[in-house]
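Trainee: Please read through the structure below; I'll follow up with questions.
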Amino acid sequence: MKNNRNNTIYWIVILGALLTVPAALIVMNKFTDASNTFKAVFITIIFFIISGAIALLYNRIFGVTMHEITERINLTELDKSLSWLQGYPRRQSSNSNSMKRLYQNVHRVCGQIDNFKRRKEVYVKLLDEAQLDRGNSLSQLVHTIENALVIHVERIINRIEIFDDKVQPSIVSENLAYIEAYVEKNETILLNFEKLIAQVSSMGDVAEEADISKLTDIIKAMESIRADRDDEIDDLVKKYQ
């Protein structure tokens with residue numbers, strides 16, 4: 001995970017500087033007899049007023065605070081993969097049936113990543129509110145799930161990078177089947193993550209507190225993902241169908 005500066009503050013400063021230029025020209029013409037220091041201070045004040053007004057407007061429109069505008073943001077491996085996948089169709093010119101099928105899978109993976117990010121926020125909030133004794137292990141589990149998705153998405157991207165719809169049809173079909181197999185594995189991960197969230201959210205209910213067998217089963221199944229062992233996940237799906 002790498003930290004990256006939020007570029008919003010830079011765009012606000014640049015826009016503020018551009019809008020200050022006309023004001024600076026007016027000041028230079030109006031105060032021809034004033035000292036250069038006075039002009040510089042006056043123009044600087046105008047710049048800060050304009051930049052502050054832009055930031056305030058941005059806050060009102062998008063509900064973003066100055067702290068959020070200037071803070072460092074964390075880009076995960078999934079964030080970077082999502083950015084790559086979203087830009088992939090725009091970089092292509094082919095519109096063959098096999099490419100359309102590939103684009104559909106790319107769209108599905110993007111949706112899976114977005115879904116995981118949303119559900120992760122819900123899951124973390126549940127752990128914070130519940131203050132569970134087993135919170136440490138449960139919080140580590142979400143990293144196991146995320147790492148599994150990262151591995152799967154990386155394999156999908158690696159295959160997409162070498163994908164060519166102009167080679168032998170058998171090779172095209174093999175590559176598409178490989179990609180779709182990992183897309184389905186991601187669906188299984190997200191399904192079980194959803195079940196995990198449901199079980200954690202009900203742990204505060206008196207009627208459910210004594211029965212954590214489902215939670216235990218789900219944890220074991222999710223941990224098996226690292227080794228690409230699908231047997232436990234398949235058994236779990238059948239068990240709770």
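The values are calculated or read from the model by the stated rules, or taken from the named source; none is laboratory data. Quantities reported herein were computed from a predicted structural model and do not represent experimental measurements. Note: ideal-geometry Cβ built from the backbone for every residue, glycine included; neighbour counts use all protein chains shown. Side chains included, ligands, DNA and RNA excluded: accessible areas come from the protein's heavy atoms. Shrake-Rupley method; radii C 1.70, N 1.55, O 1.52, S 1.80 Å.
Trainee: Regarding SER137, is this residue of a type in the set (Gly, Ala, Ser) and modelled with pLDDT of 90 or more?
Mentor: Here the answer is no, as SER137 does not meet what is asked.
Trainee: Can LYS166 be described as more than 21 Å from HIS107 (Cα to Cα) and modelled with pLDDT under 65?
Mentor: No; evaluated as a whole, the condition is false for this residue.
Trainee: Given the criteria under 30 Å from SER96 (Cβ atoms), surrounded by 18 or more Cβ atoms within 10 Å (Cβ to Cβ) and in the same structural domain as ASN115 (by the TED database), does LYS185 qualify?
Mentor: Against the criterion (under 30 Å from SER96 (Cβ atoms), surrounded by 18 or more Cβ atoms within 10 Å (Cβ to Cβ) and in the same structural domain as ASN115 (by the TED database)), LYS185 qualifies.
Trainee: Follow-up. What's the number of the only condition in (1) at pLDDT below 65; (2) outside any loop (DSSP other than H, G, I, E, B); (3) not basic (Lys, Arg) that ASN175 fails to meet?
Mentor: All conditions are met except number (1).
Trainee: Select from the range 1-21 the residues that are open to solvent by 80 Å² or more (accessible area, probe 1.4 Å) and touching a strand residue (DSSP E or B) at 6+ places or on another chain (Cβ under 7 Å) and write down the one among them that is modelled with the lowest pLDDT.
Mentor: Only one residue tops the list, namely MET1.
Trainee: Do we have VAL183 as more than 29 Å from the chain's Cα centre (by Cα) and modelled with pLDDT of 90 or more here?
Mentor: Here the answer is no, as VAL183 does not meet what is asked.
Trainee: Of all the residues that make up the range 22-40, how many are outside any loop (DSSP other than H, G, I, E, B) and open to solvent by 80 Å² or more (accessible area, probe 1.4 Å)?
Mentor: 8
Trainee: One residue is enough: does the range 192-211 have a residue meeting the conditions basic (Lys, Arg), more than 30 Å from ARG101 (Cβ to Cβ), in a helix (DSSP H, G or I) and modelled with pLDDT under 95?
Mentor: no
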